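Enquirer: One structure, pasted below without further comment.
The values are calculated or read from the model by the stated rules, or taken from the named source; none is laboratory data. Owing to the predicted nature of the structure, the values given are computational and were not obtained by experimental measurement. As a convention, Cβ positions derive from the backbone with ideal geometry for all residues, glycine included, and neighbour counts pool all protein chains shown. The protein model used for the area step is the full one, side chains on, heavy atoms only, and it has no ligands, DNA or RNA in it. Shrake-Rupley method; radii C 1.70, N 1.55, O 1.52, S 1.80 Å.
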Amino acid sequence: MTQATLTSKSATKKPLAKKAPVKKTLVKKAAATKPAATKTAAKKSATGKSVKKSKQVELGDWYDYPQYFDMLFRDETAEEVAFFEKAFAKYANGDIKRLLEPGCGSGRLVAAMARKGYDVTGLDLSPAMLKYLDARIKRGNLSATTVHGDMTQMQFDEKFDAAFCTFNTFRHLLDEKTAIKHLQNVGEVIREGGLYILGFHIIPDDADPECTERWYASHGGTDVKGVLKVIDFNRRKREEMLRVTINAKMRSGKKQRVASEFSLRVYTVPQVKSLFRKISDVWEIAEVFDFDYDIDKTREFDDDLTDALFVLRRR
Ligand SMILES: C[S@@+](CC[C@H](N)C(=O)[O-])C[C@H]1O[C@@H](n2cnc3c(N)ncnc32)[C@H](O)[C@@H]1O
């Protein structure tokens, strides 16, 4: 299969099961890569005796498989892009032309914004994601810049007008110091009056930490199923450990299974407020929304906010 089939717009994603109450989780983190392991499955033979069959299970970082990530989430892109443009027009001071996406992943948003004529830079830690994005830019005959780097230590010669970071990417920063460093760092590379659109889940104290999400996408003869499970939740450490398992089946019949485990930082509304107070010399909250990405539907920044989408403006 070529990457071209995987980046077409016609993939569909539909939930396989109802989501657990209260908490919605959508996204993931660059986990430490673990070596491939061989799992042995017991199977009955024709004579009824148990025989052992070896089954290869790849344990690793699901961000090393950008094509599957992209297939599963690309149909979220259009409404995010529409929201970004409306937010730029409504909340930024001055024109928005130069854009940055820290933690850009497969670059679904970078490519979409470049296609709209913005001067976009995508930065990510994952070489696999960036390689996929470079190919996407080339294939689409687009103009966009990719940078391999850490979103807490970004340096650019020229400032950006706006940045965006959705899909829980921010929660990959696992402690307060790093989260503050990131917000300050974005502040250093965005001009005054520019915006930072930041979207991530907030998990209230009374939320059920048990959570499983299932995703499905099919395109170009490849079927991809993803399951995200919370396997550990530590309110004191403010971390949840997630396992994402991807099962892909190609047209040829070839199957691939990838299991990935990683942690995300956990926030309650008071914890987000406390964090934002610490960087209030750099960022003001222009408005609060949720994952409906509806510019006409603002949200109160109160304890009911779980799917938070903040429009921050650079002071
Ligand atoms: C959930 S993906 C989101 C990708 C993209 N923002 C999107 O919405 O499709 C998170 C991405 O953040 C990247 N990432 C995690 N920690 C990072 C860091 N400290 N600096 C840069 N990228 C990071 C991962 O490699 C991954 O590609």
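Enquirer: Can you spot the aspartates and glutamates whose alpha carbon is less than 17 Å from residue 297's alpha carbon? Ignore those fewer than 8 places along the same chain.
Expert: Excluding near neighbours in sequence, the set is 79, 80, 85, 287, 307.
Enquirer: Same structure again: Where the accessible area of the range 181-315 is counted over protein heavy atoms with a 1.4 Å probe, how much of it, in %, is carbon and sulfur?
Expert: 39 percent
Enquirer: Give me the accessible area per residue for the range 72-162, probe 1.4 Å, as a whole number in Å².
Expert: Result: 45 Å² per residue.
Enquirer: Given a 1.4 angstrom probe, what's the average accessible area per residue across the range 182-231, in square angstrom?
Expert: For the range 182-231, the per-residue accessible area is 33 Å².
Enquirer: Roughly how many debye, to the nearest 20, is the charge dipole of the range 255-313 about its Cα centre, given +1 on each Lys and Arg Cβ, -1 on each Asp and Glu Cβ, and no other charges?
Expert: 500 debye
Enquirer: With r defined as the distance between the Cβ atoms of residue 138 and residue 249 and R0 fixed at 30 Å, what FRET efficiency is calculated, to the nearest 0.05?
Expert: With R0 = 30 Å, the Cβ-Cβ based efficiency is 0.60.
Enquirer: Given H placed 1.01 Å from N in the peptide plane, which residues other than close sequence neighbours of residue 162 have an amide H under 5 Å from its amide H?
Expert: Excluding prolines and chain starts, which carry no amide H, the hits are 98, 100, 195.
Enquirer: Follow-up. Considering amide H positions built from the backbone, and no H for Pro or chain starts, which residues 5 or more places from residue 287, or on another chain, come under 5 Å of its amide H?
Expert: Amide H neighbours of residue 287, under 5 Å, 5+ apart: 311.
Enquirer: Could you tell me the distance between the Cα centroids of the range 110-156 and the range 192-241, to the nearest Å?
Expert: Each part reduced to its Cα centre gives a spacing of 23 Å.
Enquirer: Lysine pairs in the range 113-247 with alpha-carbon atoms under 22 Å apart, 8 or more places apart or on different chains: how many are there?
Expert: Taking the Cα cut-off of 22 Å, the pair count is 7.
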